[in-house]
Amino acid sequence: MSVPMLKIGAVLSTMAMVTNWMSQTLPSLVGLNGTSISRGGTSERIVSGLYPSPEEGWQIYSSAQDADGKCICTVVAPAQNMCNRDPRSRQLRQLMEKVQNISQSMEVLDLRTYRDLQYVRNTESLMKVVDGKLKVASDNPRSLNPKGFQELKDKVTQLLPLLPVLEQYKTDAKMILKLREEVRNLSLVLMAIQEEMGAYDYEELRQRVLLLETRLHSCMQKLGCGKLTGVSNPITVRASGSRFGSWMTDTMIPSSDNRVWYMDGYFKGRRVLEYRTMNDFIKGQNFVQHLLPHPWAGTGHVVFNGSLYYNKYQSNIIIKYHFRSRSVLIQRSLSGAGYNNTFPYSWGGSSDIDLMADENGLWAVYTTIPNAGNIVISRMEPQTLEVLQTWDTGFPKRSAGESFMICGTLYVTNSHLAGAKIYFAYYTNTSTYEYTDIPFHNQYSHISMMDYNPRERVLYTWNNGHQVLYNVTLFQVIKTSGD
């Protein structure tokens, strides 16, 4: 029985490999994995490679120019779960389920056969003894005296447990016939799928996809700044640390730096963990530790062009710490800024000074006594920490849960607790403001850090000991190089 089982196992293994290839390679050929998509004239950034969504569906890219010569980028993303309704996709899922069921059945058969085979081998010597005695009795019936007959009877009694084993063999033989039929049916399904998909020229399809992706990326590079219109559902990356903290990647554009920095706690902390990649951060591996020369206050830190900008504990001093040289490059007082819980966000936590970066550079969000506790925005020079320009938003900082900058616009949430929404926007380019109503899901009910990363176009948040990402949707005008 072992040889047929090995053959069937080999067939199943090959089928599993084929179906696995079809489920993994085909989507990548048509651009399903790790890309940026736009819906309905907005831009929604999907974190490439880290959080692929198999429900997103087939994506078709195109680019064109309108009558004014402006570049138009279009990404058509089918409705969610559309791929799941595709007959071929459904066939592949059913095929995988059958392969899994057959594999489980084969494992059970293999274990049972091995056990029974061992039992048969252990009784082999007994069977030879019985066979010898039966031959002697058959050749010379007179030699079988009462004592010999009793010994033969005892030996045969010892062989009786073999009967259920043999019955099991018969049952297993029937199961093998059934499995063989299922394998044959699965082979026919595979052949049908192969014939259907064989009609496509995959090399031509691959070249078309590459061309379309190139056009999309070229168009994406021309994406200008936009107005925030929506925030996606939260993506929990990791659960670690205390209730308060900060985590981030470099916000410099452009940058190939994939490191992740992690700062647990909101005051008197000095330990910064640096992870090599996001995957390392998720797994909690491959990190080094930086011990800052001065402790921090709050969670409003930002990494910009390889340096950490943070508020020094019990002061309004901003420190620029360079990671590679492990040294402070410059520190400077933010004149008049409140500190030590004088003007924090609604959650407290020494969050008086919030540093952030967007497409336009480095910013500080804080308040002063002359501003009566209202949020002040200052654009800063990253090298010298000099304040270049300042705006008074008129929005009370203690009424804000958190805030972040996108394209020179400060967006403010009305709470750090469940039910929070993005409630206020201040436009530094026009020195005007408006009240907004942009909801987002505060999954863990206590946000102590929310910052926008312009390089990845996502929001980084620390939510009650969870490190969470949000994709953002921006209304954008795309201009050609001639505009």
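The values are calculated or read from the model by the stated rules, or taken from the named source; none is laboratory data. Just so you know, these numbers come straight off a predicted model, no measurement behind them. We place every Cβ from the backbone using ideal geometry, glycine too, and count neighbours over all the protein chains shown. For the accessible areas, the whole protein counts, side chains as well, though only heavy atoms, and no ligand, DNA or RNA atoms are used. Shrake-Rupley method; radii C 1.70, N 1.55, O 1.52, S 1.80 Å.
The residues of region 405-472 expose, per residue, 31 Å² of accessible area to a 1.4 Å probe.
The Cα-based radius of gyration of region 333-483, divided by its Kirkwood radius, gives an Rg/Rh of 0.96. Residues in region 179-188 carry Karplus couplings, in order, of 5, 4, 5, 5, 4, 4, 5, 5, 4, 5 Hz; the curve used is 6.51 cos²θ - 1.76 cosθ + 1.60 with θ = phi - 60°, and Gly or Pro positions show x.
Surface composition of region 260-337: carbon plus sulfur atoms contribute 45% of the solvent-accessible area (1.4 Å probe, protein chains only, all chains present).
Ordered by solvent-accessible area of protein heavy atoms (1.4 Å probe), largest first, the residues His301, His322, His441 come out as His441, His322, His301. The shape of region 223-279 can be summarised by an equivalent ellipsoid whose semi-axes, obtained from the alpha carbon gyration tensor, come to 24, 17, 12 Å from longest to shortest. 3J(HN,Hα) along region 429-439: 6, 10, 6, 10, 9, 8, 8, 10, 9, 10, x Hz, from the Karplus curve 6.51 cos²θ - 1.76 cosθ + 1.60 with θ = phi - 60°, whole Hz, x for Gly and Pro.
Per residue, the convex hull spanned by the alpha carbons of region 336-418 comes to 88 Å³. In order along region 278-291, phi translates into HN-Hα couplings of 5, 5, 5, 5, 4, 8, x, 9, 6, 10, 10, 10, 10, 9 Hz, rounded to whole numbers, per the Karplus curve 6.51 cos²θ - 1.76 cosθ + 1.60 with θ = phi - 60° and x for Gly and Pro.
Between Gly269 and residues 5 or more places away or on another chain, which pairs have amide H atoms under 5 Å apart, with H built 1.01 Å from N, and which residues are they? Result for Gly269 returns Trp296.
The peptide list 248-254, 281-287, put in order of mean Cβ contacts within 10 Å with the highest first, becomes 248-254, 281-287. Between region 325-345 and region 358-422, the C-alpha centres lie 14 angstrom from each other. Based on the Kirkwood approach, the hydrodynamic radius assigned to region 316-367 is 12.3 Å, with every pair of different Cα atoms included.
Rolling a 1.4 Å probe over the protein heavy atoms gives region 228-358 an accessible area of 40 Å² per residue. When +1 charges are put on Lys and Arg Cβ atoms and -1 charges on Asp and Glu Cβ atoms, the dipole computed for region 278-423 relative to its Cα centre reaches about 300 debye. Across every pair of non-identical alpha carbons in region 231-359, the mean reciprocal distance, once inverted, gives a Kirkwood radius of 15.2 Å. Peptide packing: for 344-350, 228-234, 130-136, the average count of neighbouring Cβ atoms within 10 Å per residue gives the ranking 344-350, 228-234, 130-136, highest mean first. Taking 29 Å as the limit for the C-alpha separation, the pairs Lys135/Lys174; Lys320/Lys397; Lys153/Lys178 exceed it in the case of Lys135/Lys174; Lys153/Lys178.
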